[in-house]
Amino acid sequence: MSLLVALPLSACGPKSTGESAVEPTPETTEEATPVATAEPAEPAGVTAANWQDRDSIVGEEVTYEAGGVSMKGYLAYDRERAGKRPGVLVVHEWWGHNDYARQRARMLADLGYTALAVDMYGDGKQADHPETAMKFSAEVYKNQPQAKARFEAALALLKQHETVNPEQTAAIGYCFGGAVVLHMARMGVDLDGVVSFHGNLATQNPAEPGQVQAKVLVCHGGADAFVKPEQVSAFEQEMQAADVDYEVKVYEGATHSFTSPEATAYGERFELPLVYDEAGDRQSWSDMQAFFDQIFAQP
């Protein structure tokens, strides 16, 4: 049983130094009518490009183990906030656990959550070339039990932190990470919700009725040339057949990797249809917040 089909052979934003890329050539297709089209973004709002860090946000290097492999994570929380709070996992792009994943963890801490940027590759491995990134991510996808074990090891660590309410957990992921959190939901991992940002939606192991515990939010670029309209439609049919509480938000004109401020430079360097979309980044982050408000609402 393999999850390799779910790996989009595309990069989501560079670590820093790739000189060449082995990428599929996206085909031009007409966009399907989305289930839910995102509302136009308001001028004000938080994005990865304009977010201001705060001194009260604590960042801690953490090490945990899965299957005998040392995993390197990064945990962030606001020390000025009292009491326990929901915990959120952040799953990195195919480049590995990097500064972008850590920034998103700190941004979540700024919203009042405790966030753990996870390591899905082991030993904190990062790729500096698309071919290496493809190799690392393929290794994760082709070993479903290992992927789940690594994810659940991170989740257990997060739940144990003194600031976290272990009954309230979620996960978000970007590109590769977006596909990972969707797979974890399909496999029935105990989460309140998952959010996929420009993640691949295909799978060889579709969700089954009664298995998915998490509510699902997909934040998808309307001009994503790697995740095509037919894949979105197939995902919607899969979710409906499995009776999953889900929503697909489509951001008009946004390409693959639209939340990463480095996407434009990466796209230009390798002649790929990747562009940072400030409006899409802002609105998808806002949509995530609304989703969390819903799933973490006190009864």
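The values are calculated or read from the model by the stated rules, or taken from the named source; none is laboratory data. Keep in mind that this is a model prediction, so the values were computed, not measured. Cβ atoms come from the backbone with ideal geometry, glycine included; neighbour counts cover every protein chain shown.
Can you run down the residue pairs with Cβ atoms below 6 Å, 6 or more apart or on separate chains, where the first is in the range 256-283 and polar (S, T, N, Q) and the partner is assigned to a helix (DSSP H, G or I)?
Going by the 6 Å Cβ cut-off, the qualifying pairs are SER257/ALA263; THR259/ASP281.
Cβ-Cβ under 9 Å, sequence separation 6+ or interchain: first residue in the range 237-252 and closer than 21 Å to GLN289 by Cβ, partner modelled with pLDDT of 95 or more and hydroxyl-bearing (Ser, Thr, Tyr). Which pairs?
Matching pairs, first to second residue: LYS249/SER284; TYR251/SER284.
I'd like the full set of residues that are touching a Leu at 6+ places or on another chain (Cβ under 7 Å) and surrounded by fewer than 24 Cβ atoms within 10 Å (Cβ to Cβ), limited to the range 159-183.
Those that are touching a Leu at 6+ places or on another chain (Cβ under 7 Å) and surrounded by fewer than 24 Cβ atoms within 10 Å (Cβ to Cβ): HIS161, VAL164.
Of the residues that sit in the range 90-119 and are in contact (Cβ under 8 Å) with a residue 60 or more places away in the chain and in contact with a His (Cβ under 7 Å, 6 or more places away or on another chain), which one is farthest from LEU75 (Cα to Cα)?
ASN98
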